[in-house]
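K.L.:
One structure, pasted below without further comment.
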Amino acid sequence: MIRTHPALAALLVLVFALFVFWRVRVDYALRGRLTLPSAILQFLVFLLHGLASYSFIDPGASTGWRESRFLPLALGLMVVGLVSVLAAMAQLRLGDTLGRSAKDLKISGAYRFSRNPQLIAYFVFLAGYVLLTPMWLGLVWLVIYAIIAHVMVLTEEGHLRRTFGAEYQAYCRRTPRYLGIPR
């Protein structure tokens with residue numbers, strides 16, 4: 001894998017994400033759903049973020065991860081995060097997960113506690129990954145994910161507000177965007 005300076009990697013990922021979510025916003029406004037190219041671009045944002053980990057997490061430091069005192073916590077977070085991501089995505093269904101269709105508003109299961117449980121679960125997974133080789137640059141990489149996810153959420157919320165109207169507004173009032181105590 002080609003390594004690049006973390007600042008350059010961060011800039012590339014963030015600029016690409018902003019472009020993609022601008023395009024997603026246009027699709028939602030014009031078509032009421034994502035086109036296939038926009039869905040693929042959205043997937044590529046997260047893939048690019050994942051590949052950028054090589055710039056933020058020193059692969060040389062990973063040789064000592066087995067001795068890390070954080071290993072049990074890191075692996076636990078990764079397992080819980082991955083299982084939770086898959087469960088939330090399964091509940092949402094593939095078409096809804098990729099923004100290609102939205103037949104109904106999901107408000108049960110994990111969606112009772114968070115409007116974005118799949119993003120929270122993936123954050124938990126990434127936090128575990130960062131703990132495998134604890135370095136401050138890993139935290140920067142985690143923050144970049146949080147920024148990208150938040151921009152995506154803001155883009156989708158506008159679409160959901162237009163699509164589901166009062167039902168979505170009521171859901172927003174009783175369910176936190178990320179984490180919190182449901183009202």
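K.L.:
Name the pairs: first residue in the stretch 33-51 and buried (at least 17 other Cβ atoms within 10 Å of the Cβ), second residue of a type in the set (Asp, Glu) and in a helix (DSSP H, G or I), Cβ to Cβ under 6 Å, at least 6 apart or on different chains?
P.N.:
Final answer for the pair search is Leu34/Asp27; Ser38/Asp27.
K.L.:
I've got another one for you. For the stretch 107-153, name all the residues that are under 13 Å from the mean Cα position of the chain (by Cα) and not in a helix (DSSP H, G or I).
P.N.:
Selection gives Arg115, Asn116.
K.L.:
Tell me, which helices (runs of 4 or more DSSP H) wholly within the stretch 1-86 include 1 or more residues that are among the hydroxyl-bearing types (Ser, Thr, Tyr) and modelled with pLDDT of 85 or more?
P.N.:
By residue number, 6-31, 36-51.
K.L.:
Looking at the stretch 154-183, which of the residues that are polar (S, T, N, Q) and part of a helix (DSSP H, G or I) is surrounded by the most Cβ atoms within 10 Å (Cβ to Cβ)?
P.N.:
Checking each candidate, the answer is Thr155.
K.L.:
Just wondering, is there one or more residues in the stretch 138-150 that are more than 24 Å from Val26 (Cβ to Cβ), modelled with pLDDT under 85 and among the aliphatic types (A, V, I, L, M)?
P.N.:
No; the residues of the stretch 138-150 include none that is more than 24 Å from Val26 (Cβ to Cβ), modelled with pLDDT under 85 and among the aliphatic types (A, V, I, L, M).
The values are calculated or read from the model by the stated rules, or taken from the named source; none is laboratory data. No experiment lies behind these values; they were computed from the predicted model shown. Using ideal geometry, Cβ is built from the backbone for each residue, glycine included, and neighbour counts are taken over all protein chains shown.
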